[in-house]
């Protein structure tokens, strides 16, 4: 069986805290990974951990950047995928990886989510919009709201997911995938 991983987090940055207060959600960010080491987590977020205003398509690592902070909460799900779904997902992700276009963070789209009105911007995404777009185009999951209205916590409605880990990113580095604290 092949798996992909969704990594939900609450980093404690001012944007994360603001989103959490407004949405009342435990996790405010989501990234997609193909490996259980989480060396490459694909998302839209900060391009530089110290600059909250410069955002776009980024590859994160669970042990670097904002995740180094000892109080970053995370929740990791693994989702089984078919070979065909995995190929479609890789193909779609490669379009972003190989893009010559400057891909930007969709700050304005976040306001659309708050008022339940999609705000479409060309080559701009927020984290859950990006992950949902990838999952939809690879036939893994369809958001009932549409990608541009999907919040990170909406992705928890994926039915065939299995929780792999819940705790801090800092503690995760001390556990292997087999011995990490599993919550059902």
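The values are calculated or read from the model by the stated rules, or taken from the named source; none is laboratory data. Everything numeric in this text was worked out from a predicted model, so none of it was measured. Heads up, the Cβs are rebuilt from the backbone with ideal geometry, glycines too, and the neighbour counts pull from every protein chain shown.
Here residue 106 meets the list (1) farther than 25 Å from residue 26 by Cβ; (2) buried (at least 18 other Cβ atoms within 10 Å of the Cβ) almost entirely, failing just condition (1).
Within segment 144-162, can one find any residue that is out of contact with any helix residue (DSSP H, G or I) (no Cβ under 6 Å at 6 or more places or on another chain) and buried (at least 20 other Cβ atoms within 10 Å of the Cβ)? Give the steps one after another, and end with the answer.
Filtering segment 144-162 for residues out of contact with any helix residue (DSSP H, G or I) (no Cβ under 6 Å at 6 or more places or on another chain) gives 144-146, 153-162.
Then keep just the ones that are buried (at least 20 other Cβ atoms within 10 Å of the Cβ); that gives 155.
Yes, segment 144-162 contains a residue that is out of contact with any helix residue (DSSP H, G or I) (no Cβ under 6 Å at 6 or more places or on another chain) and buried (at least 20 other Cβ atoms within 10 Å of the Cβ).
In segment 75-178, counting only helices (runs of 4 or more DSSP H) that sit wholly within it, the ones holding 1 or more residues that are under 17 Å from the mean Cα position of the chain (by Cα) and over 21 Å from residue 36 (Cβ atoms) span 83-97, 107-115, 127-137.
Screening residue 28 on (1) surrounded by fewer than 20 Cβ atoms within 10 Å (Cβ to Cβ); (2) in contact with a helix residue (DSSP H, G or I) (Cβ under 6 Å, 6 or more places away or on another chain) shows it passes everything except condition (1).
If you check residue 42 against the conditions, is it buried (at least 16 other Cβ atoms within 10 Å of the Cβ), in a loop (DSSP other than H, G, I, E, B) and modelled with pLDDT of 75 or more?
Values: buried (at least 16 other Cβ atoms within 10 Å of the Cβ): yes; in a loop (DSSP other than H, G, I, E, B): no; modelled with pLDDT of 75 or more: yes.
No: the conditions fail for residue 42.
For segment 54-74, the set of residues classified as part of a helix (DSSP H, G or I) and either within 27 Å of residue 1 (Cβ to Cβ) or touching a strand residue (DSSP E or B) at 6+ places or on another chain (Cβ under 9 Å) (or both) consists of 65, 66, 67, listed by residue number.
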